[in-house]
1. Could you identify the single residue in V100, V49 that is under 24 Å from P127 (Cβ atoms), in contact (Cβ under 8 Å) with a residue 12 or more places away in the chain and either surrounded by fewer than 14 Cβ atoms within 10 Å (Cβ to Cβ) or among the acidic types (D, E) (or both)?
2. For T54, work out the one condition from (1) crowded, with 16+ Cβ neighbours inside 10 Å; (2) within 15 Å of the chain's Cα centre (by Cα); (3) under 18 Å from V133 (Cα atoms); (4) not small (G, A, S) it doesn't fulfil.
3. Hey, among the residues in segment 1-39 that are more than 41 Å from the chain's Cα centre (by Cα) and in a loop (DSSP other than H, G, I, E, B), which one's modelled with the highest pLDDT?
4. Check segment 75-89 and report whether any residue there is of a type in the set (G, A, S), surrounded by 15 or more Cβ atoms within 10 Å (Cβ to Cβ), in contact with a strand residue (DSSP E or B) (Cβ under 7 Å, 6 or more places away or on another chain) and over 17 Å from L41 (Cα atoms).
5. Can you confirm whether segment 40-47 contains a residue that is more than 18 Å from the chain's Cα centre (by Cα) and modelled with pLDDT of 95 or more?
Amino acid sequence: MTMLSLFLGLAAATACVEPPVSPTSRPLAAFEATQGGQPILLPQGAVRVSISETTIPAGGMIAAHKHPYQRFAYILAGRVKVTNLDTGAVVELSPGDFGVEARDQWHQGQALGGEAVRMLVIDQTPPGQANMVRRDP
């Protein structure tokens, strides 16, 4: 194999290589306030970020509760009606919606329709602290 044929072979192989694909980012939403109208606050001090999946069965409900720290929810499946018991505001969320839950305001969530609600929930709390306080019946 001559040097020229080696060079032409490498050039042909290089020409077939696809250029690298650059990542893209598309903004989906931006929030400055919770569903209760409160400003979203940055955590102070050490923070634990926990991620969980919450399911409300079809026709089910999460009884009155509040969150002392910031909570975010992304709806994976089903539809949920969130009623803020302090302000009277009602929000309905569907798959693909992102909710910034109210802090220290009583609210409840109810599954709508015949499908269970599945939510990806992100909590920001001080280490070792819970982020749900249930209202006594």
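1. From the options V100, V49, the qualifying one is V49.
2. Only one criterion in (1) crowded, with 16+ Cβ neighbours inside 10 Å; (2) within 15 Å of the chain's Cα centre (by Cα); (3) under 18 Å from V133 (Cα atoms); (4) not small (G, A, S) is unmet by T54, namely (1).
3. T2
4. Within segment 75-89, one or more residues are of a type in the set (G, A, S), surrounded by 15 or more Cβ atoms within 10 Å (Cβ to Cβ), in contact with a strand residue (DSSP E or B) (Cβ under 7 Å, 6 or more places away or on another chain) and over 17 Å from L41 (Cα atoms).
5. no
The values are calculated or read from the model by the stated rules, or taken from the named source; none is laboratory data. These numbers come from a predicted model, not from an experiment. Glycine also receives a Cβ, built like all others from the backbone with ideal geometry; neighbour counts cover every protein chain displayed.
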